[in-house]
Amino acid sequence: MVEVDWNAVEAEALEHFQALLRFDTTNPPGDVAPATRYIAEILGREGIPSTVLEAAPGRTNLVARLSAGNPFDALMISAHLDVVAAEAERWAHPPFAGEIHDGYLWGRGAVDMKHMAVYGLMTLVLLRRLGVELRRDVVLAAIADEEAGMEYGSKWLAANHPGLIAGRWCLSEVGGFTLHVGGQRVYPIQRAEKGIVWLKMTTTGTPGHGSMPHRDNAVVKLSRALSRLAARSLKRHRNLPVQGMIAALARAAGFPLSVPLRLLSVPLVGDWVLDRLPGSDLTQVLFALLHDTACPTGLAAGQKENVIPSEASVVLDCRILPGSSLAELQSEIRQAVREDVKFEVIQASDPVVHEDDTPLFHVIRQVLSERDPGCHVVPSCSVGYTDGASYRKIGYTTYGFAPIRLPDDLVFSQLYHGHDERIPIEGFNWGLRTFFEVVHRFCA
Ligand SMILES: [Zn+2]
């Protein structure tokens, strides 16, 4: 490790972290401009130039690069600065005040993912201050709009400014936090994510007067279709990222938890086992990892009380596993609903899979095993989407690595988008050093 006065660096990092949490970057409206300005100013003070581009009002994207002369092999640190809404009245401490209580820093964005913006910022600052000679460019992308679909953030950058963010390796969310499984410490590192298909599904029928009900009612047909869809799960798709993840989890957990975990991957038995696993949070995630899913999130039909509409529609938020396709999903939904339905694709993006046998993944593994001896590193698949999907289109390999060491009474998934989002300061400091060490080892 390089010689760094970590006490001073941690104090400095905490100050920036508090400052970033105090900007209310709730999306919508997703105004991250003041937060971006703050980061640009800190970088500027260190003599690191940055480019700030506004994709839409308030949706600013900052890119800064420490150059080693080969932009196409760069490592990019990508952190979105926008956050999801917080219902302040349901929090124990205000979500945009950056307050510290009992060793925790509180605030919306504490783990999703302003901590990573600070890791990135401090990493560039330290590399510059220490005069580290780089063999790979190190890029910081502090961006907008991840929480609302990435339209004015990573997607926009990748489509309009690929040269600015040219590179090959990216570190972003979701991964690097401690999961306590069967008494073992596990660090999932995201290397795959499910694809998104937002579908509008419509049934049609015969219009008429509400005073004379008939059998060809579009609303009734849609209701029937939905209850059939809810009654059965869509197909399981065996795929490498998920099978590998579950096998690695089983190895980490050891006996006896390893037994049901291994059975999950067995066709026919898997769903039965899933229903009997303790802990509903875990069951939900595992179910979503093992199946394509179609979740109704919006309904529309009818204009007037006494008119039978000729159409009724539902919005389905579908997520498909690596190996699945849009066509397959649609045919499967058709089979499940047993009604004549029309589909309209609102938005779709393919599942993403990155190789996990790479020099960067090896460095992550190595550094984690040094920083937390005895831990288990598990290449993982995420059920949600991240900016990694946008960068994939311009050739990036992205891993979810925004490290935080968490005590065993703190469950990451409950902090993520939940009330009382907070981060243990000790775990943040551990994460900062771990992160810097990975970047340094990979790029210096
Ligand atoms: Zn996030």
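Values for this structure:
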| item | result |
| --- | --- |
| Hits in the range 384-401 (condition: among the basic types (Lys, Arg) and under 14 Å from Gln190 (Cα atoms)) | Arg392 |
| Residue that is farthest from Ile364 (Cα to Cα), among those in the range 181-233 that are buried (at least 21 other Cβ atoms within 10 Å of the Cβ) and among the polar types (S, T, N, Q) | Asn217 |
| Residue match in the range 367-375 (condition: touching a residue at least 24 places away in the same chain (Cβ under 8 Å) and farther than 27 Å from Gly183 by Cβ) | no |
| Subset of the range 132-147 [at pLDDT below 95 and either surrounded by fewer than 24 Cβ atoms within 10 Å (Cβ to Cβ) or away from the ligand (no atom under 16 Å from the Cβ) (or both)] | Glu147 |
| Top-ranked residue of the range 148-182 - restricted to ones that are assigned to a helix (DSSP H, G or I) and in contact with a helix residue (DSSP H, G or I) (Cβ under 7 Å, 6 or more places away or on another chain), ranked as nearest to the ligand (Cβ to nearest atom) | Ser154 |
| Filter result for the condition that a residue is over 23 Å from the mean Cα position of the chain (by Cα) and either in the same structural domain as Ala158 (by TED's automatic domain parsing) or within 16 Å of the ligand (Cβ to nearest atom) (or both), over Asp102, Asp31, Asp82 | Asp102 |
| Qualifying residue in the range 61-83 (condition: over 25 Å from Arg168 (Cα atoms), buried (at least 18 other Cβ atoms within 10 Å of the Cβ) and either without any contact (Cβ under 8 Å) to a residue 24 or more places away in the chain or hydrophobic (A, V, I, L, M, F, W, C) (or both)) | yes |
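For every residue, the table says whether it meets (1) closer than 21 Å to Val411 by Cα; (2) without any contact (Cβ under 8 Å) to a residue 12 or more places away in the chain; (3) β-branched (Val, Ile, Thr).
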position: Pro95; (1), (2), (3): yes, no, no
position: Asp102; (1), (2), (3): yes, yes, no
position: Met122; (1), (2), (3): no, no, no
position: Leu127; (1), (2), (3): no, no, no
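The values are calculated or read from the model by the stated rules, or taken from the named source; none is laboratory data. As the structure is a prediction and not an experimental result, all values here were calculated from the model. So basically every Cβ, Gly included, is an ideal-geometry build from the backbone, and we count neighbours across all protein chains shown.
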